Structure formats: structure tokens, C-alpha cells
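Working notes, structure below.
Each value in this text was obtained by applying a stated rule to the coordinates, not by laboratory testing. Nothing here was measured: the structure is a model prediction, and the numbers come from that model. Cβ placement follows ideal geometry from the backbone for every residue including glycine, while neighbour counts extend to all protein chains displayed.
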Amino acid sequence: MNSANAFPTRYRYGATVAVEEPAAGVTGTLHRDMAGNTFFRIYRDEGKFDDYMLRHDDLEVTISPGALASFYTIGDDRILDHSPEVLGLRRA
């Protein structure tokens, strides 16, 4: 992300100082690490990427048409996962 300002904006963030860049309009993907923690990944040029911890508690996300994602309901459980084609699921 490139800030429109020539000088970075700094804020007191907890016990330290952080450089802030607006996130509006940035496209990324949600990932889960081996410990089950979810993080947000932004891909850069040449296959590079930046990972961000998620602390935002009500972030709006739009799933792109090409994401190959589906919602599943099993009893009272609701799941967001890959599409049936990606998972190799068969019709019941």
C-alpha cells in the first residue's frame, strides 16, 4: 500500500508508535495459519506478499465472483469454504 502523503502518519498504538496507511479499497485474502489464527494477506509484485494480524472486529468483506467459495449449512452450523468443484464434493 502506498500512502498518498509523502510523509507517513504515525499514531500511538498501544505501548508503541505505528505507521498508519489507509486500507480502504485494498484487495487481499483471508488465510489461517497452523495454529488456527486468521490473517489478511496482500499480494505484491513478483509473488511477494504482506500478512496482517486481524484485530478489526466487524470488517466488511466482499467475496469476489471468481473466489470459488460456497456457503454450507449443516444443522445449526454455517460454514464458508471452497466451492464443491474445488473440494471434489459429489451431490447427495
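With loop defined by DSSP as not H, G, I, E or B, and exposure as at most 12 other Cβ atoms within 10 Å, which is the longest segment of the chain clear of exposed trypsin sites (Lys or Arg not before Pro)? In short, 1-43.
When the charge dipole of the stretch 8-92 is built from unit charges on Cβ atoms (+1 for Lys and Arg, -1 for Asp and Glu) and taken about the Cα centre, the candidate among 13, 40, 83 whose Cα reaches farthest toward its positive end is 83.
Relative contact order (percent) for the chain, with alpha-carbon contacts under 8 angstrom and 6 or more residues of separation? Mind showing how you got there, number by number?
Details: 84 pairs, mean separation 11.1, N = 92.
Across the chain, relative contact order equals 12 percent.
Could you work out [θ]222 nm for the chain from helices alone, using -39500 (n - 2.57) per DSSP H run of at least four and dividing by all its residues? Round to the nearest 500 deg cm²/dmol. Please list the in-between numbers first.
Details: 1 runs with 4 residues, N = 92.
Value at 222 nm, helices only, nearest 500: -500 deg cm²/dmol.
Scaled against the 2.2 N^0.38 Å expected of a compact globular protein of N residues, the Cα radius of gyration of the chain reads 1.42.
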